[in-house]
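Engineer: One structure, as structure tokens, below. Some questions next.
Computed from the coordinates by the stated procedures, all read-outs in this text should not be read as laboratory data. None of these values were measured; they are calculated from a predicted model. Note that we place each Cβ from the backbone using ideal geometry, even for glycine, and neighbour counts take in every protein chain shown.
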Amino acid sequence: MTGSRPAGPVALAVLLALSGTLSLGAEPALTLRASAIGAGGAPWTIELLRWSTEAERAPLLATLSAPAAAPPAAPAAAAGTVGRGPSTALGASGRAGRGGRGGRGGEPPPNPLARLAAAVKSAPTLGFLWSNGVTGYSIKYAWRAAASAGGVERIVLVTDRRIDASMPDRPSAPARAASVPTADAEFTLIEMRLNPAGVGDGKMSLDANIVVDSAAQTLALDGYQAAPALLKVTR
């Protein structure tokens with residue numbers, strides 16, 4: 001973490017006001033303390049001045065949508081093509097033939113991870129995750145669900161950069177259908193579940209893939225229950 005700054009809600013409000021995100025004097029929408037489980041290092045502070053709007057979440061969710069279906073193959077030419085398929089037909093590998101490659105200039109379209117990374121980078125800054133009065137990570141996505149019947153509050157945050165300071169090494173999660181492997185992602189998704197007392201665990205995309213929770217309409221960790229807890233979180 002680099003770049004010193006004064007700590008506290010007032011400093012956060014100033015930073016966000018200067019970036020055009022909020023007006024001065026705004027009260028934090030969320031303040032949490034987090035410490036890495038099984039690793040040393042100073043605890044982190046999460047300060048958020050507002051949650052992502054539906055319009056701000058939409059571009060990030062869209063990056064993980066299923067790609068559009070390929071257009072139908074062009075009909076064979078009238079002459080010289082008897083017994084041969086059209087030149088633009090897809091082969092066994094799923095790649096188009098000569099002149100049929102996707103993307104601009106013959107390049108394939110960016111993969112979901114690249115699209116999501118670009119959308120995260122373009123999103124407004126909503127808050128910061130920092131330690132020891134030093135700026136650490138900008139929060140670009142912030143969503144929460146009100147406490148459920150069991151009193152558990154669900155929170156999802158996405159930082160602009162990969163969180164790896166003071167975290168123990170862990171194996172990457174296996175890729176699964178409809179999920180995006182994030183072992184080499186430039187950003188980090190944090191999903192937390194807090195009890196009524198404001199205490200809970202945080203799990204991250206450092207070793208879990210990312211999916212779209214279609215029911216809640218949010219980014220989320222794939223297989224949250226099975227993912228290891230990496231953070232102890234308190235209000």
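Engineer: Can you tell me how much longer the chain between SER122 and GLN217 gets when fully stretched, taken as 0.36 nm per residue apart minus their C-alpha distance, in nm with one decimal?
Structural biologist: 32.2 nm
Engineer: Say a paramagnetic label sat at a point 7 Å from the Cα of LYS232, along Cα to Cβ; which residues of segment 183-209 have their backbone N under 18 Å from it?
Structural biologist: Correct set: 192-204.
Engineer: Counting only residues 5 or more places away or on other chains, whose amide H sits under 5 Å from the amide H of GLY133 once H atoms are built in the peptide plane?
Structural biologist: Excluding prolines and chain starts, which carry no amide H, there are no hits.
Engineer: Also, I was wondering about something else. Show me, for segment 144-149, the HN-Hα J-couplings you get by feeding each phi into the Karplus relation (A = 6.51, B = -1.76, C = 1.60, θ = phi - 60°), rounded to Hz, glycine and proline as x.
Structural biologist: Karplus-based 3J(HN,Hα) across segment 144-149 equals 8, 10, 4, 3, 6, 4 Hz.
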